[in-house]
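What follows is a short report on a single structure.
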Amino acid sequence: MNTTDVITQQALNRYNALFDNAKYACLGALLANDLRADRESSQVSDGMNLITDMALSLSGHPHYEITWLKLATFCGQNSVTIPTIDAIYSYLLLFQQARDTRADDFEGTAKALLKAYETTTTLRAAVSFANGVHGWRGRMAYELLVAADYFTQAVIQLLLHGDLSYIREKLQVGLARITSALYEGVRYSEIPTIFDFKGTYFPDQNNRP
């Protein structure tokens, strides 16, 4: 038996020793309720398989290291609720070993993605409403809301470990919309200097405070 086989068997032994069937079954019921699906549906099974894979990974299995991100993505994109994420996290802590932070990273990422997706829906509704407000304040509010939407998309891609060029594109467009918002304030507000940020700069790598 080679080294990888030994590590895999040790991980399986640890997983089986720590497995809690009652908690696992509870997670299945919670996921089914959140997803509005039967417990035996493929969608719920996919989520439960990811939970099992992550528990194996936390037990030392060498084949599932990135599963924490896959599970967090699944929860965020499928609107799995905070109580269910908390229950999954509590279950995973049964398997997490010293100095391993992946269960914590799963929890934070899943919750952040969930709220970021919710924020996107709310922001786009606000953008639509602000677009109908006349005057410079309305135009400025519109541009800032659009910028917030682009920045939220960048945040989601960062949490998903998405493509860096795509993230840069979202940030670039968001900054351009902030610039447009400031122009509205400089051109039309009663005190233009309040919105003049010409002195703003980003410190370079060698001169960070």
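The values are calculated or read from the model by the stated rules, or taken from the named source; none is laboratory data. As the structure is a prediction and not an experimental result, all values here were calculated from the model. Methodologically, a virtual Cβ is constructed for each residue, glycine included, from the backbone with ideal geometry; neighbour enumeration extends over all protein chains shown.
Annotations
- Flag for LEU158 being among the hydrophobic types (A, V, I, L, M, F, W, C), at pLDDT 95 or above and surrounded by fewer than 17 Cβ atoms within 10 Å (Cβ to Cβ): yes
- Hey, TYR166 surrounded by 17 or more Cβ atoms within 10 Å (Cβ to Cβ), within 24 Å of the chain's Cα centre (by Cα) and of a type in the set (Phe, Trp, Tyr) or not: no
- Out of ALA37, ALA17, ALA11, one residue alone is hydrophobic (A, V, I, L, M, F, W, C), assigned by TED's automatic domain parsing to the domain that holds ILE85, over 15 Å from ASP86 (Cα atoms) and surrounded by 18 or more Cβ atoms within 10 Å (Cβ to Cβ). It is ALA11.
- Test result for LEU145, crowded, with 20+ Cβ neighbours inside 10 Å and farther than 30 Å from LEU30 by Cβ: yes
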